[in-house]
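The values are calculated or read from the model by the stated rules, or taken from the named source; none is laboratory data. All values derive from a computational prediction rather than experimental measurement. Cβ sites come from the backbone with ideal geometry, for glycine too, and all protein chains shown count toward neighbours. Each accessible area value is taken on the protein alone, full model and side chains, heavy atoms only, with ligands, DNA and RNA left out. Shrake-Rupley method; radii C 1.70, N 1.55, O 1.52, S 1.80 Å.
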Amino acid sequence: MASARGKVIFFGEHAVVYGHPALAGAISRQVAITVAESTEGEGVRLDIPCWEVRAAAGDGSAVGGALAAMTAAAGITAPVHLLGEADLPAAVGLGSSAALSVAVARALLPDAGGAAIEDVAMAGERAFHDNPSGIDVVMAARGGLGLFRRGAGLAAVDAPPVRLCIALSGESRQTAKMVAAVRARREAMPQKIDGELLTLGELAAAGAKACARGDVAAVGEMMDRAHAGLCAIGVSTDTLDALVTLARDAGALGAKLTGGGGGGAVIALAPGREDAVLGAWREAGFSAFACEAG
Ligand code: MEV
């Protein structure tokens, strides 16, 4: 069985697409893939019942496109039937497509080294997303807590895992659409959006230092500022804002949307107040859980 973990972005989503740093941590939720029996002529197939995924390479679906790209990059020509299971929710900004791509790459190439796995997984991630920065694939493949910059790669941050509360907004969304929306806003208002992206990247660099010195109050305060910046570039929603407010009112040190936005997940840092935050979200009808990132 091959597996890979999801991730949360603490700071720097969207900014990272434009070369700014982002701080991310792998979470203890994952996708696992096994290679099942395959018969001649059936091509490359992938079933993940819990995500309602039933795809074949090149079948016109997003997963089928990623499968075709990955099998081509891995040089696989024989029929393969892959079976997946996951405790990571899909398409909520927690890195499910990258975790899937890395787990599939590991299943297709069990003897390959880390660089080859990331190359094959990036072929899948490019098929899923519009201009991916690569942060999700690197986190899924390497784990830990790290500061990522496009081109420079991942610098590990020496800090213990951070316990977070995570809520799911329940809104359907796609990272590719949100990346395209930010690009369109940047073209329309280059100065404003570039200024916000710069600040979001600066928060990532400062957040890495705050995590390394264990300054949770500073990390929480920066999360609030990052959420404001993400609102300013237009990737939050009323529901995500409401989840952030619920968390802060329940005593979180900070809260923000994580990942591409437009729906998906909110993270809250709430040491000693986790039950209160999770309870507030659940009482309002949202699904929520606590986990470690890093
Ligand atoms: C998605 O997890 C993070 C984004 O910055 C897109 C990317 O980095 O490719 C929104």
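Data overview
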{"quantity": "Solvent-accessible area, 1.4 Å probe, carbon plus sulfur percent, for the chain", "calculated": "51 percent"}
{"quantity": "Cα gyration tensor shape of region 181-242, rounded if a/c is under 1.5, else prolate or oblate by comparing a/b with b/c", "calculated": "oblate"}
{"quantity": "Cα→Cβ-extended label distance, 7 Å offset, between Ala155 and Asp241, nm", "calculated": "3.5 nm"}
{"quantity": "Per residue value of the accessible surface for region 5-67 (all protein chains in place, 1.4 Å probe), Å²", "calculated": "39 Å²"}
{"quantity": "Degrees between helix 175-188 axis and first principal axis of the chain (Cα, 0 to 90, nearest 10)", "calculated": "60 degrees"}
{"quantity": "Spacing of the two label points (7 Å from each Cα toward its C-beta) at Thr77 and Asp215, in nm", "calculated": "5.8 nm"}
{"quantity": "Burial ranking of peptide ranges 129-137, 171-179 (average Cβ count within 10 Å, highest at the top)", "calculated": "129-137, 171-179"}
{"quantity": "Distance in nm between pseudo-label sites at Glu171 and Ala205 (7 Å out along the Cβ direction from Cα)", "calculated": "3.1 nm"}
{"quantity": "At R0 = 35 Å, FRET efficiency that the Cβ-Cβ distance of Gln191 and Asp275 yields, to 0.05", "calculated": "0.20"}
{"quantity": "The chain: calculated mean residue ellipticity at 222 nm from DSSP helix runs of at least 4, using -39500 (n - 2.57)", "calculated": "-13500 deg cm²/dmol"}
{"quantity": "Rounded accessible area of Arg163 (nearest 10 Å², 1.4 Å probe)", "calculated": "110 Å²"}
{"quantity": "Global form of region 50-181, assessed from the alpha-carbon gyration tensor, a/c cut-off 1.5", "calculated": "oblate"}
{"quantity": "Net length gained if the chain between Arg54 and Asn131 were fully extended (0.36 nm per residue, minus Cα distance)", "calculated": "25.2 nm"}
{"quantity": "Efficiency of FRET from Cβ geometry, Ala290 and Asp119, R₀ 25 Å, rounded to 0.05", "calculated": "0.15"}
{"quantity": "Region 36-84 shape via C-alpha gyration tensor axes, a/c threshold 1.5", "calculated": "oblate"}
{"quantity": "Probe 1.4 Å, protein heavy atoms only - accessible area per residue of region 203-294 in square angstrom", "calculated": "35 Å²"}
{"quantity": "Relative packing of peptides 269-279, 244-254 - highest average C-beta neighbours within 10 Å first", "calculated": "244-254, 269-279"}
